[in-house]
1. Does the stretch 146-201 classify as rounded, prolate or oblate by the C-alpha gyration tensor (a ≥ b ≥ c root eigenvalues; a/c under 1.5 gives rounded; else a/b over b/c gives prolate, otherwise oblate)?
2. Run the dipole for the stretch 203-315 about the Cα centre, Lys and Arg Cβ at +1, Asp and Glu Cβ at -1, nothing else charged, and hand back the magnitude in debye, nearest 20.
3. Thr181: net charge of surrounding residues, Cβ under 11 Å, Lys/Arg +1, Asp/Glu -1, itself excluded?
4. Could you tell me the calculated FRET efficiency between Ala306 and Gln355, based on Cβ-Cβ distance and R0 = 22 angstrom, to the nearest 0.05?
5. Would you please put 157-167, 63-73 in order of how densely packed they are, using the mean number of other Cβ atoms within 10 angstrom per residue and starting with the highest?
6. Can you list the HN-Hα couplings for the stretch 202-217, worked out from phi with the Karplus curve (6.51, -1.76, 1.60; θ = phi - 60°), rounded to whole Hz and with x for Gly and Pro?
7. Quick check on packing: order 381-388, 259-266 by the mean number of other C-beta atoms within 10 Å, highest mean leading.
8. Using only the Cα atoms of the stretch 203-315, what do you get for the radius of gyration and for Dmax, in Å?
Amino acid sequence: MSPSLRFSAKKKLASRDNPREVCLISDSEIHRAIDAVWHIESPKLIAGLARTVRDIDLAEELAQDALVIALEQWPQSGIPRNPGAWLMATAKHRAIDRIRRNVALERKVEEIGRDLEIQDRVTEADFANAIDDIGDDLLRLIFTACHPVLSTEARVALTLRLLGGLTTDEIARAFLAPEPTVAQRIVRAKRTLAEAHVPFEVPTGADRAERLSSVLEVIYLIFNEGYSATAGDDWVRPGLCEEALRLGRILAELAPKEPEVHGLVALMEIQASRMRARVGPHGKPILLLDQNRARWDQLLIRRGLAALARANALTDAPGPYTLQAEIAACHARARTAQQTDWVRIAALYQVLAQQMPSPVVELNRAVAVGMAFGPAAGLEIADALVDVPSLKTYHLLPSVRGDLLAKLGRHDEARIEFERAASLTRNSRERELLAARSRTPSTRTLDDHQTQESDS
């Protein structure tokens, strides 16, 4: 059993050498245990079933059936020693029953029925040793859930549902979206995958790079929504950051030779290290230059720097995520805000802008250039972005311009920019911060999400 599922046993029902050993615990502990088991085991469960039945929607349904049976049986019988194996065996039994009952699936009996019955006899020891198969299945599920045939919103929702084990309600609350809307996205996503006959496989050749890019984009979108929430009353949502980090770490284990995977993990680890320092006791944002760096998580920083070293060891031409991780590392290595190597950060943004041209990257470069070479130099870059259509409603453009104008002593112009930025953001915490800045434009407003995030 996973360390996170170590529960106090009240009574052992079987001897230690019995593979069916279980423990009895209270009902409330049972339900917490089942929630924890589901969160940990459901991605592997759905991935293994999807490979077997060749249908993600059916695989998730079978997994849910197994969960319902666990909810019915475990409070009486206790938690199995290997809950993942129990759920898999139960789900496969359900699959066999469905295939036998459902006339529409009769054509699949010959193809997969025999395979299911054989696999159902696998012992717990065999299950525990099937790590390579589980890894392959998870990788297939990741690439399928993040398939480019789906919209960005659908990819995010499906990934959190299938790989994060989150309920529709949890996903809706995380993104402040109506639950029916999220439910429809997930249903449509599964239907689209089925209608497009998307194979449950890991892509190879030229298709692999495009598909991997889609996977990384989804994981980073989830992380960014947690790191700097686009709307609502909370500036950060640590749960989403933790989920994205978990997915990134899993992907790094499954695809150890992909430098950009390690680059993304490095970026998220280092950015996540600042979470405790980014928010005050009452949820008020604390900006980068004002953060207590003693509160930065040094373990996450070390993990991030190690992931960055792995990424650089795999390529001589760092990709966008690795470059952004290098930028994050510049902040992590600076013991004080004044020691930050802004000249290097500006140079890294220059390389990133050449590799991945984007108005948001240019805006980030404007901040770095302003810090490295003076606000006038940064403002020149930011001013060139004013008429870019995609930034017309992007609140960080007037926020950055306001900061640079204030540093130049042009306070009246800065005040107007901060007021505009406050009117554009949908996050109440950020709106309060920008509104306060409009009243005292001489105070600094630079934050780490302005200098590190991009639209990658």
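1. prolate
2. 480
3. Details: positive: Arg185, Arg188; negative: Glu153, Glu179.
Once all neighbours under 11 Å are counted, the net charge is 0.
4. The value I calculate is 0.40.
5. Working: 157-167: 24.4, 63-73: 17.6.
Listed from highest to lowest mean packing, they are 157-167, 63-73.
6. Rounded to whole hertz, the list is 8, x, 10, x, 5, 5, 5, 4, 5, 5, 5, 4, 5, 4, 5, 4.
7. Details: 381-388: 15.4, 259-266: 27.0.
Packing order, densest peptide first, comes out as 259-266, 381-388.
8. Rg, Dmax (Cα atoms, Å): 15.2, 50.
Rule-based calculations on the coordinates, nothing more; no lab input. Everything quoted here is computed from the prediction, not taken from an experiment. We place every Cβ from the backbone using ideal geometry, glycine too, and count neighbours over all the protein chains shown.
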